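Colleague: There's a structure below that I have some questions on.
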Amino acid sequence: MKIYDLPDKHGHFGPYGGTFVAETLIAALDELLAQYQHFRDDADFQAEFAHELKYYVGRPSPIYHAKRWSAHLGGAQILLKREDLNHTGAHKINNTVGQALLAKRMGKTRVIAETGAGQHGVASATVAARYGMECVVYMGSEDVKRQATNVYRMKLLGATVIPVESGSRTLKDALNEAMRDWVTNVENTYYIIGTVAGPHPYPMMVRDFQAVIGREARVQMEEEYGRQPDALIACVGGGSNAIGLFYPYIEDNNVRMIGVEAAGKGINTHQHAATLVTGRPGVLHGNRTYLIQDDNGQIIETHSISAGLDYPGVGPEHAWLKDCGRAEYVAVTDDEALSAFHALCRFEGIIPALESSHALAYAAKLAPTLGKDQLLLVNLSGRGDKDMTTVAQQSGIVF
Amino acid sequence: MNRITSTFSVLKAQNKKALIPFITAGDPEPEMTVTLMHLLVQAGADIIELGVPFSDPMADGPTIQRSSERALHHHTGLKDVLTMVTEFRKTNTVTPVVLMGYANPIEARGYGNFAMAAKEAGVDGVLIVDYPPEECEEWVQQLEDQKIDPIFLLSPTTPKRRMEKVAKLAKGYVYYVSLKGVTGASHLDLVDVRNKLAEVRSLISIPIGVGFGIRDSVAARAVAELADAVVVGSRIIEEIENSTRSALLDNVNNLVKSLRTALDEINGTITSDSEC
């Protein structure tokens, strides 16, 4: 019997989540919730979703035993859930396929998305091309400059990229702008949110689409290792890859769940994005959750070497899992993430995304403290090809 | 009777419509806000909506977002906004002041703590854009304990059963968003407004203000024919933004006076100012 059944019907995870939006968005969210609840239980929808995940995304993604790196670290065995092998190179596509299929069934002809590093933008542009829909991606003008390759990728896929000049000109401003577009064009437009944040039903829906990661892992662990892992480790920005892995394990109390946030230049420097580790509850982007904010409740600019973790909020389900003690949240610095990035390149021949490198960095800290028979399952949420410029710059190399 | 209710009943007796200008506290700089509030009243405002600056104003267009950014540049926080209201009340005890803003500054302060401080400062109503009726039971209770009116938004997409919900919670007036979009947009559809307001009136007995997309005297007059109050925000902010500091007060004064004149014309009650 299922014990964990959050969110409740109003989208609450304990005190978190909910629908904190202007009246102008309520009708659109009500429509989305009704349609999602309908298709969630629709066999045809689920069959098409499964088919697309297999033949378009390339699932299931394997679990790979990082033997050389584990031996080098001298403790627990590190296993990698290879979301980096998905089409477009990250877990983001699981969610965009699901939402695009829903959009199509809702009769929407235009999809919009917000993006920080550009990964969710690329994943949205990809599915828009695949299903023949117009795609507009909002991206902070600072990010447009920093992520020129991904901007070009989206354009190749037929999307229009709109640079956002307001606020700090980064992800949260892109999100604000996408919400405004949605309010204005709701009749023909579907808003694909890229993470488990935003108003109900997004945190629930995105989790459900990403939960394929954890469901596969349960089967694969049983088949290949005869048991479930001792701990799950995943990076947390908004938290979609982490919740995708964690969710099917929530009732499995023997499995530790560890979310790794970005400590940037250090959690005492004000240049980090460690929301759950350092933040306070508040309301932003349609839900109540932990936020990085000042004493007046203004949202503070965050920093991480990894653009995908550079967000001042976090999914409300993570806020709840933290408060009730089911999951642990820690933070690692830019430097620690970079060091894990290089280790995986050299020991395993895998170039990880900087986001995923945060999870790897914590695994590298934890593994030596545990016995060799312990199994750590790390979500390798994306590949690092997109991060070449950033990493090269850290070594003083300019292309 | 509180200030908002008495203002509407006086206007009704005079067969006049309420003019509600919106400015952001701290824009263009904190020292000017109280002066601007008094000026709005002299130019014909019946109620003042005072924006509490927020870093992420999702429901606003670029104009009001920029005003928030200017105010935040001067570190104008919720506490400063309440200080401004206190200052305003030293010489004006009549004109209602409604705070308008977003949830997080309130969350940071705490509902009860905020409501008490707001009452003490002389605030009459509060509209928090991202507290819809579903999420605000405790919030409304705290406001009511302090006899502050909770103001709610209605939109063209609000269905009947939600209006009934709002009817139970809302006090003072309701704010009907006249178009699908954000503040400052320009595609106001009067036929839509007319049809929807008829439905709103059948369910909600308190006065109805209409805002979003009212950019000139013509639109203000047209909306005043249908509503009890006309809310003008982005257009006034633009005037603040585009004026030199020496001309700012005159320009805002002229704009608000022209709106006042437009509102009064619909009843043939032309004020003496209108000839200027």
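Where a number appears in this text, it was derived from the coordinates with a stated rule and is not lab data. All figures in this text were calculated on a predicted structure; none of them were measured in a lab. All Cβ positions, even for glycine, are placed from backbone atoms using ideal geometry, and neighbour counts span all protein chains on display.
Colleague: Could you tell me which of A:Asn176, B:Ile48, B:Gln142 has its Cα farthest along the dipole of the protein assembly as shown towards the positive end, charges placed at Cβ (Lys, Arg +1; Asp, Glu -1), taken about the Cα centre?
Modeller: The residue sitting farthest along the positive end of the dipole is A:Asn176.
Colleague: Still on this structure, I have one more. Between A:Glu187 and A:Ser339, what is 0.36 nm times their sequence separation minus the Cα-Cα distance? Round to one decimal in nm.
Modeller: Length difference between fully extended and current span is 50.0 nm.
Colleague: Any idea what log10 I(q)/I(0) is at q = 0.18, 0.25 Å⁻¹ for region B:13-100, Debye with uniform C-alpha scatterers and no solvent?
Modeller: -0.74, -1.27
Colleague: So how long is each side of region B:1-153 along the principal axes, counting just the alpha-carbon atoms, biggest first, in Å?
Modeller: Per principal axis, max minus min of the Cα coordinates gives 40, 34, 28 Å.
Colleague: Then there's this: May I ask which of B:Lys165/B:Lys257; A:Lys145/A:Lys265; B:Lys119/B:Lys165 have a Cα-Cα span longer than 27 Å here?
Modeller: B:Lys165/B:Lys257
Colleague: Run the quick spin-label model on A:Asp5 and A:Glu134: label points 7 Å from Cα toward the beta carbon, then report their separation in nm to one decimal.
Modeller: Label at A:Asp5, label at A:Glu134, 4.2 nm between them.
Colleague: Using only alpha carbon pairs under 8 Å that are at least six residues apart, calculate the relative contact order of region A:6-130 and give it in whole percent.
Modeller: Over region A:6-130, the number comes to 16 percent.
Colleague: Give me the one-decimal nm value for the distance between modelled label points at A:Ala71 and A:Asp30, 7 Å along each residue's Cα-to-Cβ direction.
Modeller: Those two pseudo-labels are separated by 6.3 nm.
Colleague: Let me spell out the model: positive unit charges on the Cβ of Lys and Arg, negative unit charges on the Cβ of Asp and Glu, origin at the Cα centre of the protein assembly as shown. What dipole size does that give, in debye rounded to 20?
Modeller: Using Cβ point charges on Lys, Arg, Asp and Glu, the protein assembly as shown gives about 760 debye.
Colleague: Let me ask something additional. Under 5 Å between amide H atoms, partner at least 5 residues away or on a different chain: which partners does B:Leu127 have, H built in plane at 1.01 Å?
Modeller: Placed amide hydrogens put B:Leu99, B:Met100, B:Gly101, B:Ile151 under 5 Å from B:Leu127.
Colleague: For region A:274-399, with only Lys/Arg (+1) and Asp/Glu (-1) charged at the beta-carbon, what is the dipole magnitude about the Cα centre, in debye rounded to 20?
Modeller: Taking the Cα centre of region A:274-399 as origin, the dipole is about 300 debye.
Colleague: Between A:Thr109 and A:Tyr225, what length comes free when the chain is fully extended (0.36 nm per residue of separation minus the Cα-Cα distance, one decimal in nm)?
Modeller: 37.2 nm
Colleague: So if we plug the beta-carbon distance of A:Gln271 and A:Phe399 into 1/(1 + (r/R0)^6) with R0 = 30 Å, what FRET efficiency do we get, rounded to 0.05?
Modeller: That gives a FRET efficiency of 0.75.
Colleague: About its Cα centre, what dipole magnitude does chain A give when the only charges are +1 on Lys and Arg Cβ and -1 on Asp and Glu Cβ, stated in debye to the nearest 20?
Modeller: The calculated dipole for chain A is roughly 760 debye.
Colleague: I'd like the FRET efficiency for B:Ser202 and B:Lys147, computed as 1/(1 + (r/R0)^6) with the beta carbon distance as r and R0 of 35 Å, rounded to 0.05.
Modeller: FRET efficiency, B:Ser202 to B:Lys147: 0.80.
Colleague: Something else now. Sorted from largest down, give the three principal axis spans of the alpha carbons of chain B, whole angstrom values.
Modeller: Result, largest extent first: 48, 47, 35 Å.
Colleague: Shifting gears a bit: Computed FRET efficiency, Cβ-Cβ of B:Lys90 and A:Arg280, R0 56 Å: what is it to the nearest 0.05?
Modeller: 0.95
Colleague: Take every Cα pair under 8 Å in region B:36-169 that's 6+ residues apart, average their separations, divide by the length, and report that relative contact order as a whole percent.
Modeller: Computed over region B:36-169, the figure is 22 percent.
Colleague: Still on this structure: Work out the charge dipole of chain A with +1 on the Cβ of Lys and Arg and -1 on the Cβ of Asp and Glu about the Cα centre, then indicate which of A:Leu102, A:Gln37, A:His200 is farthest towards its positive end.
Modeller: Selected residue: A:Leu102.
Colleague: Within chain A, what is the longest stretch that has no trypsin sites (Lys or Arg not before Pro) placed in a DSSP loop and near at most 12 other beta-carbon atoms within 10 Å?
Modeller: The segment A:10-226 is the longest one with no such site.
Colleague: Debye calculation, C-alpha points only, no solvent: report log10 I(q)/I(0) for the protein assembly as shown at q = 0.06, 0.07 Å⁻¹, in the same order as the q values.
Modeller: So the normalised log intensities are -0.36, -0.48.
Colleague: Percentage of Cα-Cα pair distances in chain A greater than 34 Å, rounded to whole percent?
Modeller: Roughly 21 percent, rounded to a whole number.
Colleague: Which whole number gives the average, over all residues in A:179-185, of C-beta atoms from other chains lying within 10 Å of the residue C-beta?
Modeller: 5
Colleague: Label B:Asn15 and B:Ala247 with points 7 Å out from Cα along Cα→Cβ: what is the distance between them in nm?
Modeller: For the pair B:Asn15/B:Ala247, the computed spacing is 3.9 nm.
Colleague: A further question follows. Would you please classify the overall shape of region A:184-329 from the alpha carbon gyration tensor, given that a ≥ b ≥ c denote the square roots of the eigenvalues, rounded means a/c under 1.5, and beyond that prolate means a/b larger than b/c while oblate covers the rest?
Modeller: In terms of gyration-tensor shape, oblate.
Colleague: If you don't mind, there's one more thing I want to ask. Which of the helices in chain A, when you take each full DSSP H run, stretch at least 24 Å along the axis at their Cα atoms and have an average Kyte-Doolittle score of -1.0 or higher?
Modeller: Taking the DSSP H segments of chain A (at least 24 Å long, mean hydropathy at least -1.0), we get A:23-40.
Colleague: Would you compute, for the Cα atoms of region A:137-266, the largest minus smallest coordinate along each principal axis and list the three values in descending order, in whole Å?
Modeller: Extents along the principal axes, in whole Å: 51, 41, 28.
Colleague: Rounded to the nearest 500, what is the 222 nm mean residue ellipticity of the protein assembly as shown from helices alone, with -39500 (n - 2.57) per DSSP H run of 4+ residues and division by all residues?
Modeller: -13500 deg cm²/dmol
Colleague: Of B:Leu226, B:Tyr175, B:Leu203, which is farthest on the positive side of the dipole of region B:121-228, counting Cα position, with +1 on Lys and Arg Cβ, -1 on Asp and Glu Cβ, and the Cα centre as origin?
Modeller: The residue sitting most towards the positive pole is B:Leu226.
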